[in-house]
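Read the structure below first, then the notes.
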Ligand code: SAM
């Protein structure tokens, strides 16, 4: 029996269900249920919330979320081999765990969730950034989620919370910090996972702001930032040449020197520039 519920320890679950980790699915499992409960606690008070979990695997974080009192968990897992193990958790927490065997990039979870909704996941690294960008760039704001509590490679986590002037500062920092508060809440060494990945990891907690920090059109901001950081060593008048024929004038109107480089520009500066670029 485990420390947090009446289910078997995760090492036994993996043995019983023959869940050999597959690299192609980004499978690095967390087997310490005290750690998964600690990650679940970082997601905030779950008792009144539905929680969306991507990639539950053998169910370590799922059990953490449920034992910490989540009202309901919707877990989307691509690996069919994990479903019997997850079904045992669903049986131990009647009516509180819904399982979908599918690809998180294809499934629309909203049909199955009742607000307020929080997202918590030890993400497969190959789709983590893509999912985060999707969750940060919906057409409407506020988004469907109140908070995101997500495991990333340490280097990606640092890009999310990075400040201007740092090497890690770029599109991810700007998209995250424009409409959310983002902070690293737990750092984890490779040995926390089975099998251990090559790099360290970190849990990032993002809370959705009711409104963006500065006004801007989401698509224009996203496009401008992507172009600026695509050639981050170049001056903005060169890297943004393709965004508008009179880009130098628009940069000046936004209070930005055309000779500046992308990593020198604050979030407020990029939002001002996106507003200038959106003008006819
Ligand atoms: N949550 C578990 C844990 O903490 O031990 C497993 C985390 S493991 C890093 C990532 C999980 O995501 C694996 O179970 C993998 O099968 C699953 N996965 C990979 N690609 C997926 C996808 N496109 N959609 C849903 N799940 C996926």
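Taken together, the values in this text are just the output of simple stated rules run on the coordinates, not laboratory data. Quick caveat, the model's predicted, so the values are computed rather than measured. A quick note on method: Cβ atoms are made from the backbone with ideal geometry, for glycine too, and the neighbour counts reach across all protein chains shown.
Fewest-first ordering of 147, 11 by other beta carbons within 10 Å of each residue's beta carbon gives 11, 147.
Relative to one another, the C-alpha centroids of the stretch 260-280 and the stretch 47-89 are positioned 41 Å apart.
Treating each Cα of the stretch 1-127 as one equal point scatterer and applying the Debye formula with no solvent, the log10 of I(q)/I(0) at q = 0.10, 0.20, 0.21 Å⁻¹ comes out as -0.26, -1.16, -1.29. What whole number of Å gives the distance from the Cα centroid of the stretch 2-23 to the Cα centroid of the stretch 193-215? Taking the Cα centre of each part, the stretch 193-215 and the stretch 2-23 sit 26 Å apart.
Using just the helices of the chain, give the 222 nm mean residue ellipticity in deg cm²/dmol: DSSP H runs with n ≥ 4 each add -39,500 (n - 2.57), and the total is spread over all residues, rounded to 500. Provide the component values of the computation, followed by the final result.
Values: 11 runs with 100 residues, N = 280.
Helices in the chain give a 222 nm mean residue ellipticity of -10000 deg cm²/dmol.
Here the mean projected area of the convex hull built on the C-alpha positions of the stretch 10-208 is 10.4 nm².
Helix 218-230 and the long axis of the chain differ in direction by around 80°, with both axes built from C-alpha atoms.
Counting other Cβ atoms within 10 Å as a rough exposure proxy, the listed residues 149, 62, 243, 47 run 47, 243, 149, 62 from fewest neighbours to most. Stokes-Einstein diffusion of the stretch 218-278 at 20 °C, 1.002 mPa s viscosity, Kirkwood radius from Cα pairs, rounded to a whole number: 197 µm²/s. Projecting the alpha carbon convex hull of the stretch 61-171 along each direction and taking the average yields 8.1 nm².
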